Each structure stands twice: as C-alpha cells, then as structure tokens.
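What follows is a single structure, written as structure tokens, with notes after it.
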Amino acid sequence: MLVRDGKLLGRVPYAFVIVGCCCLLQAFGMGLILNCGSLFYVPVCEDMGFLRSEIATYMTGYFVGTTLVTPLAGKLLSRYDIRVVMALAIVVLSFSVGVMSTYTAIWQWQASGFLVGAAGSCIFVLPSATLVGNWFVKRRGMVYGIVMTCSSVSAAVFSQVLHGIIVADGWREAYLFVGVASFCVIFPCALLLRRNPSDVGAVPYGLVPNKVVGKASVVRGVAVKVAVVSLAFWCLFVFAGIASFIHGGIEQHLPGYVESVGFTSSFAAAVVSAQSVGSVVDKLVMGWLNDKLGVQRTTIIELVLIVLGILGFVLLHNPVFLIVSAVLFGVQDSLMSVSLPLLIREVFGSKNYTQIHAWIRTGVGVFGSFSGIVVGAAYDFAGTFVPAFLGLMVICFLAMACIRVAYRTSKGLVWEATGCVSDGDAKK
C-alpha cells in the first residue's frame, strides 16, 4: 500500500503530502488561473474591441459562481470523498479556461467566469483552508502562510510566462496553456488528498490529548444555525466582501492602470509580478505574525499596508515607487486566503468550520461580482482610476471596524463539542 501508518510509502508523514498538494493547488489554481487573469484584459480588449468594464464581467461571472456554489461545495467536501469532488471540479475548471482560447463574444467569458468560480470553490477556495485546519493544530498560521504564498509565487512567475506567450503567440494560445497546465498538475494532486488524518491512520500535528476523555478527540465550535444569525458572522461576511472588492477592483485593472499612466505592457507585467512578490513576503511574515500577535492584530496591520499601497498608486507615478506600491498592495491577497480562514476558525471554532467558511465566502462573491465593473466603469466615465482607488482606501477602514466588532460580539457565542481538542480550540 502507498500509505502505511499515516505515512506515504511508509516514510513520508502524510501531513507533508497534504501541504505539498495544497501548495500546488494554490499555485496552479488561484495563482495561475485567477491571479494572472487580468493579464488578458488589455490584449483581449484591443483585439476584440471590448471596453474594460465589459471584459471585467468575466470576474462578475466568477463571483456569481462562487456565491451560488460555495455553500454547496462546503457540503460536498464535508460529506463525500474529497478526491472525487476535486477530480471532477478540475476537469470543469481547466476546460472552462482552455476553451476561452476560442471565444469571440463577451457572454462566453461571463459563462466561463461562472464555471471557474463554481469549480474553483472545490479547488482553490475551500479545500486548502479546510485541509490545513484539519491536519495542523500547532503552527497553523505559518502553514496557512506557506500554502497561500504559493499562489503569489506562481502569479509572479506565470505573469512573465503568460506575457511572453501573449506577445509571441497571442492571448488565445496563452489561455490554452493555462487550461492544460492547471489540469496536468492539479488532477494528480487531488487524488493524493485525504480530508482527515484519521483517514490514513494519522493524527493532526500538535494535537493535545483531552485529559478527560483520554484518546478521544474533541472538536469544538459554534453551531451553524447559531453562527449565521450572529453579528460576528455578518461582520466577517462584510469583511470578506470588502477584501474581495479591494482584490477585484484593483487587481483586475492593475495592468491597465499602469498603462493608463504612461507605461508599457512589459512594465505593467512587472508591476503585477511586484504585487505577487509583496503577497509572497506578506503571507510568510503575516503567517508568522498570526501565531505571535494574533489574527486580529495582524489583519489590521495588513489593512494599513494596503491603504499605503493604494495611496502610492494614486500619488506616485515614478517606476520605482509604483513597484514599491505594488509590493505593499500585494498584502491584500492574503486577506481572503490567510486572514479570513484564520479569523473564522478563531471566532467560530473548528466543529463546523467548513460550512461556516463556505457561507461567509459568499460575501466574497456578492461584493466581488461587481468590483471590477465598478472600477472599470469609473475609468470609462472619468478617464482615470483615481476616484475608484480613493473609495477603496475608505472601505479598508470599514473592514478594520468589522473585525473589531466581530471579536467583541463573539464572546457571547456558545461553543459545542464533539470528539478532539486543539490548542486553539481549548482557549475558547
């Protein structure tokens, strides 16, 4: 057998296999497919004659897909074999991207965006956060950071690769490359995943045996029905939406913004890479800070850095300062991928984490579905991105308030227990 005593081939602890697979899921899912998607906007618009606000409806389709399907994805991933669910999802995801190489009408991008959002819920939206949470108790924040960093490293590398393919062969060939590459990597990874350590005879890293029930494990957390009607839930829902709005509002238009202030498409790709570098550094550093300072304080620090990055975009059009601003703005990528999962688990516990996470993630879809359109329309109307960027700075402060209220109101929530206690859960 490939897995014996919780180890691959009897030697490699399966927790390491899970981390490695999650890294590849994020790299070739979120990094290659989602984060590099904005690189296609300008060449597609120039070739097909679309407006920026029109091509941005691709992401509207994406967010509608995640909004409608993420709650269902949470149930599917909790109830059925994660390997089967994810194997089917990657077939849909890769096909939806690859087929964009043949498109000629906006509605086709919208349809693919919907399918990418729906299938992506089962690939790079929910699984990594759930798997890391299930397999790790200690160093959970750091492991989240390492896994989610891979999407930023991937975006930094593939932004240059895709730019080269687009310049040399055209955007259609670049879409085909994304579809094929994502399938070839993610499909075999999906087959190696196991949802829980007990599935392979292992235990989570850092598990603390319950002194009362001996070896039995106790997972604690708020009931789903209680969570979804709490003020803390809706604060995190709005926070998730704001994080999505910031992400989609600027990231979708970042290459176009750089070109709008007088720079070349090559430099625009470099700025996208710089943003990814910022995201890499942030996920590593902030993952460590989450364990040291706590999730709440670390997230506030991230929001402050994002404000500084956006301010730099508005005021500083020097190439060096634009790169620095992009690095600072890159922090935003970890709001949804690292901070949100940790906030949810800390506020509501582990017992019903996947389903609560899935419902809060619908806020990402509700807000994100029109972020690209709003910013694109603002540019089409005013001829500049400045008004939209200033508005995004303001809502960063609203996000800070949401976090504070969520923590204050969560103190009255009653936690239930079933079966293992982790260090994090024991504190509640």
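The values are calculated or read from the model by the stated rules, or taken from the named source; none is laboratory data. Just so it is clear, the structure is predicted and the values come from calculations on it, not from any experiment. Cβ atoms come from the backbone with ideal geometry, glycine included; neighbour counts cover every protein chain shown. Each accessible area value is taken on the protein alone, full model and side chains, heavy atoms only, with ligands, DNA and RNA left out. Shrake-Rupley method; radii C 1.70, N 1.55, O 1.52, S 1.80 Å.
Of note:
- Between helix 353-368 and the chain: long-axis angle, C-alpha atoms, 0 to 90°, nearest 10: 10
- Chymotrypsin sites (Phe, Trp or Tyr not before Pro) restricted to DSSP loop in segment 1-104 with at most 13 other C-beta within 10 Å: Y80
- In this view, the solvent-accessible surface of F321, computed with a 1.4 Å probe and all protein chains in place, comes to about 100 Å².
- Since only A155, L24, F385 are under comparison, the one whose Cα sits farthest along the positive direction of the charge dipole of the chain, derived from C-beta charges on Lys, Arg, Asp and Glu, is L24.
- Each of S78, S94, T57 was placed along the dipole of segment 37-126 (beta-carbon charges, centred on the mean Cα), and the one lying farthest toward the positive end is S78.
- Computed over the chain, the per-residue total of -39500 (n - 2.57) for DSSP H runs of n ≥ 4 gives a 222 nm mean residue ellipticity of -23000 deg cm²/dmol, rounded to 500.
- Crossing angle, helix 265-293 versus the chain [Cα axis fit, 0-90 degrees, rounded to tens]: 20
- 1.4 Å probe accessible area per residue over the chain, in Å²: 38
- For the residue pairs K283/K411; K138/K351; K138/K411; K225/K292; K138/K292; K225/K351, alpha carbon separations beyond 20 Å are given by K283/K411; K138/K411; K225/K292.
- Electrostatic bookkeeping for L77 treats Lys and Arg as +1 and Asp and Glu as -1; over the other residues with beta carbon under 11 Å from its beta carbon, the sum is +3.
- For the chain, the fraction of 1.4 Å probe accessible surface lying on carbon and sulfur atoms is 69 percent.
- Candidates Y103, L193, V44 compared by Cα position along the dipole of segment 14-218: farthest toward the positive end lies L193, with charges placed on Cβ.
- Residue-wise HN-Hα couplings along segment 172-178, as the Karplus relation 6.51 cos²θ - 1.76 cosθ + 1.60 with θ = phi - 60° gives them from phi, are 5, 5, 5, 4, 5, 4, 4 Hz; Gly and Pro carry x.
- Short-range pairs are left out: with C-alpha atoms under 8 Å and at least six residues apart, the relative contact order of segment 14-218 is 38 percent.
- The chain, relative contact order in percent, only Cα pairs under 8 angstrom and at least six apart counted: 27
- Placing unit charges on the Cβ atoms only, positive for Lys and Arg and negative for Asp and Glu, gives segment 1-123 a dipole magnitude near 600 debye about its Cα centre.
- Whole-number percent relative contact order across segment 220-415, with pairs defined as alpha carbons under 8 Å at least 6 apart: 43
- For Y205, residues with placed amide H under 5 Å, excluding near neighbours: F136, V137
- Oblate is the label for segment 309-378, because a/c, from the alpha-carbon gyration tensor with a ≥ b ≥ c as root eigenvalues, is 1.5 or above and a/b does not exceed b/c.
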